[in-house]
Amino acid sequence: MAEPTIEDYFTEDRSFAPPEEFAETALVTDRSLYEEAAADPEAFWARQARELLSWYRDFDTVLEWDLPFARWFDGGTLNVSYNCLDRHVEAGRGDKVAFWWEGEPGDTRTVTYADLLAEVQRFANVLRSLGVQRGDRVAIYMPMIPELPVAMLACTRVGAAHSVIFGGFSPDSITDRVNDAEATVVVTADGGFRKGAASALKPNVDAALEACPSVNHVVVVRRTGEDVAMVEGRDLWYHDLMAEAAEVCEPEHMAAEDLLYLLYTSGTTAKPKGIMHTTGGYLTQVAFTHRYVFDLRPDTDVYWCAADIGWVTGHSYIVYGPLTNGASSVLYEGTPDTPGRDRLWDMVERYRVTQLYTAPTAIRMFMKWGDHEPGGHDLASLRLLGTVGEPINPEAWMWYHTHIGGGRCPIVDTWWQTETGAQMVAPLPGVVATKPGSATIPLPGVFGEVVDDEGNPVERGGGYWTLTKPWPAMLRGVWGDPERYRDTYWSRFEGRYFAGDGAKIDEDGYIWFLGRVDDVMNVSGHRISTTEVESALVDHPAVAEAAVVGATDDVTGQAIVGYVIVRGGVEATADLVDELRAHVATKIGPTARPKQVLVVPDLPKTRSGKIMRRLLRDVAEGRELGDTTTLADPGIVEQIRDAAR
């Protein structure tokens, strides 16, 4: 076996067996699914496809694999909107709530499966009246309102692929995505509500479309009531079109490999990649993972994925997974600190939420705000917690476990990507013991290995996380650029998918993700993960959140620079900084001692909560800043610069 390639310093000895009361009634209580999938992966996925989905025509083959191109369930036909809506209504569950929606100002709507089906059919007819045909692309740039999933599902009903563009993106980002997809229709809104005020969207679309010749029509939902410019002949109000639309729209019979959607990953240097997801395989794996990872009971659970539909988490675990499984979900428009920092906990209490799925960045923010915010609410309805988006440091995991889960809720830490489409590494909560900070083991039907620089498997320690077999929800390519797909994901290690994440494997075979290998620092020849140093900093009781970068250093090659946010009531002193540097050295070794630790008021984050370490490197190395347009608070970088001076 190969030697570790990335240093493995940080150890975590705590382990939590599935709570006895939870395990007794869990959907999965033994390892039979793992054993079935290991014995015959294709038969396993075929069974899931047939049991979880409704097909117009059964598939002829399970998998055709011509590395790196996969085809799943060829010969089968189905429709995504039918699977999400019609079949539940036909089964007599039309009165079941699909979404409890809440706007940031406090307005609410209760949307049943029958309501959603009626709205989707009307809007599907609207799209057809605007010339949208099977195979066309529709761009969607909207706030978190029910019309967003309606637009997505209407596209699937008529066989058009959607490209959802996150509502925080700039006009240039919209232009790039609309032009690459050659979208013919854009669906947007006048705006949405964010941090207590109306946030305009339509003006961004207007600016973007000055350079988008493929767009014929823009459909505008009235949400904020703000005045917006409407271009005659191109721009149309959603409510006017819906009032005239026919009530019934028969769903298209789509092939399993027909394109379902494009979702663009934003590159900081290169043109955004249009990740292609198709119909049958994607829906199978999303439905499977949503059901079993969250231990879903559709009749009684109230599920809440507190992400944005503009990202893949929202596609898979707000829209397609929950609706395919007939779940009732909470859908929220705004931010977690408006009007107060207890907004999420207030909603958990009012809606009696049973599963909460959110990002480690949000959890660390809640930690910073203090235990009293959730402590003022009854969170007893919660029975399972989830994390998504990045590795979670052990202390944030423990805070989530203690203060949100009351020590009784399993935590499913999930690793997956825009490209994988569905969760890949996560515990089945009634079976797998959890460790704070580890996503545990690959799910049934998923196969991966940690490898060294030469692609040899690492038995214990750090390296590169690779996938060794195709999976149903995998991306089918990069839109319009098959060579970029091959070069980006399949060229680094022969026969293996690798998208840039480092990981380590422990003595129990558990996977610990170390973040992007771009974020691995080379300090005096030691390759150290930023994730491990960040975990050590947050392990100190004074620290709420930390970000670490490697800055160029004449002596060591790179020097570790840490940026920390301290907890409320903690004074930022020179003694505290020295204590933090020493704490890291004690926790994971002297090689990892930061050269510098800066106490900052906040970290540069995108609106989706990702820390932009690139900007922190710019600050550490005294460079001009790169693009800051996607930051939630562009002014924060200057405050960090002031702290660094």
> Could you give every pair whose Cβ atoms fall below 7 Å, whose first residue belongs to region 518-545 and is charged (D, E, K, R), and whose second residue is modelled with pLDDT under 80, counting only separations of at least 6 or pairs across chains?
Replying inline: R527/T5; R527/I6; R527/E7; R527/V520; E532/Y9; E532/F10; E532/I588
> Which of the residues belonging to region 571-611 are assigned to a helix (DSSP H, G or I), of a type in the set (S, T, N, Q) and touching a residue at least 60 places away in the same chain (Cβ under 8 Å)?
Replying inline: T591
> Here are D74, D58: which of them is within 29 Å of E250 (Cβ to Cβ) and either among the hydrophobic types (A, V, I, L, M, F, W, C) or without any contact (Cβ under 8 Å) to a residue 40 or more places away in the chain (or both)?
Replying inline: D58
> What are the residues in region 432-448 that are surrounded by fewer than 20 Cβ atoms within 10 Å (Cβ to Cβ) and either in contact with a helix residue (DSSP H, G or I) (Cβ under 8 Å, 6 or more places away or on another chain) or among the hydroxyl-bearing types (S, T, Y) (or both), if any?
Replying inline: F447
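Collect the residues in region 430-452 that are out of contact with any Gly (no Cβ under 8 Å at 6 or more places or on another chain) and more than 22 Å from E24 (Cα to Cα), keeping them in residue-number order.
So in region 430-452, the residues out of contact with any Gly (no Cβ under 8 Å at 6 or more places or on another chain) come out as 430-440, 443-449.
Matches in region 430-452: P436, G437, S438, A439, G445, V446, F447, G448, E449.
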> In region 63-80, which residue that is outside any strand (DSSP E or B) and crowded, with 21+ Cβ neighbours inside 10 Å is farthest from the chain's Cα centre (by Cα)?
Replying inline: G76
>> Which count do you get for residues in region 129-166 that are in contact with a Gly (Cβ under 6 Å, 6 or more places away or on another chain) and either buried (at least 21 other Cβ atoms within 10 Å of the Cβ) or modelled with pLDDT under 95 (or both)?
In response: 3
>> One residue is enough: does region 382-394 have a residue meeting the conditions acidic (D, E), farther than 29 Å from A43 by Cβ, assigned to a loop (DSSP other than H, G, I, E, B) and touching a strand residue (DSSP E or B) at 6+ places or on another chain (Cβ under 9 Å)?
In response: yes
> Quick check, is P427 part of a loop (DSSP other than H, G, I, E, B) and in contact with a Gly (Cβ under 8 Å, 6 or more places away or on another chain)?
Replying inline: no
> Within region 412-447, can you find the residues that are hydroxyl-bearing (S, T, Y) and over 16 Å from V312 (Cβ atoms)?
Replying inline: T434, S438, T440
> Quick check, is G310 more than 19 Å from G445 (Cα to Cα) and crowded, with 20+ Cβ neighbours inside 10 Å?
Replying inline: yes
> For the subset of region 184-198 comprising residues that are buried (at least 18 other Cβ atoms within 10 Å of the Cβ) and out of contact with any Leu (no Cβ under 9 Å at 6 or more places or on another chain), which member is farthest from N125 (Cα to Cα)?
Replying inline: R194
> Tell me, which residue of region 464-511 that is in a loop (DSSP other than H, G, I, E, B) and polar (S, T, N, Q) is modelled with the highest pLDDT?
Replying inline: T468
> What single numbered condition from (1) closer than 21 Å to A207 by Cβ; (2) without any contact (Cβ under 8 Å) to a residue 40 or more places away in the chain; (3) among the hydrophobic types (A, V, I, L, M, F, W, C) fails to hold for A183?
Replying inline: (2)
> Condition test on V564, is it modelled with pLDDT of 90 or more, in the same structural domain as K605 (by TED's automatic domain parsing), within 20 Å of T11 (Cβ to Cβ) and buried (at least 18 other Cβ atoms within 10 Å of the Cβ)?
Replying inline: no
>> Criterion first (in contact (Cβ under 8 Å) with a residue 40 or more places away in the chain and farther than 30 Å from V478 by Cβ) does Q355 satisfy it?
In response: yes
>> Show me the strands (runs of 3 or more DSSP E) found entirely inside region 169-212 where at least 1 residues are more than 22 Å from R137 (Cα to Cα) and of a type outside the set (F, W, Y).
In response: 191-194, 197-200
> Which of the following residues is more than 25 Å from the chain's Cα centre (by Cα) and outside the structural domain of Y320 (by TED's automatic domain parsing): R47, R122, R57, R109?
Replying inline: R122
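Provide a single number: the residues in region 97-152 that are assigned to a helix (DSSP H, G or I) and among the β-branched types (V, I, T).
Going through region 97-152 one residue at a time, the tally reaches 3.
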>> Looking at D554 and the list (1) among the acidic types (D, E); (2) surrounded by fewer than 22 Cβ atoms within 10 Å (Cβ to Cβ); (3) touching a residue at least 24 places away in the same chain (Cβ under 8 Å), which single condition is not satisfied?
In response: (3)
>> Which numbered condition in (1) assigned to a helix (DSSP H, G or I); (2) under 30 Å from R408 (Cα atoms); (3) in contact with a strand residue (DSSP E or B) (Cβ under 6 Å, 6 or more places away or on another chain) is the only one that E42 fails?
In response: (2)
> Can you name every residue in region 81-116 that is surrounded by 18 or more Cβ atoms within 10 Å (Cβ to Cβ) and of a type in the set (S, T, N, Q)?
Replying inline: S81, N83, T112
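How many residues are within 19 Å of the chain's Cα centre (by Cα) and of a type in the set (K, R) when one looks only at region 360-374?
Looking only at that region, the number is 1.
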> Among the residues of region 432-439, is any at positive phi and of a type outside the set (A, V, I, L, M, F, W, C)?
Replying inline: yes
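Given the criteria in the same structural domain as A585 (by TED's automatic domain parsing) and either out of contact with any strand residue (DSSP E or B) (no Cβ under 7 Å at 6 or more places or on another chain) or not polar (S, T, N, Q) (or both), does V458 qualify?
Answer is no for this residue.
The values are calculated or read from the model by the stated rules, or taken from the named source; none is laboratory data. Since this is a predicted model, take the numbers as computed values, not measurements. So basically every Cβ, Gly included, is an ideal-geometry build from the backbone, and we count neighbours across all protein chains shown.
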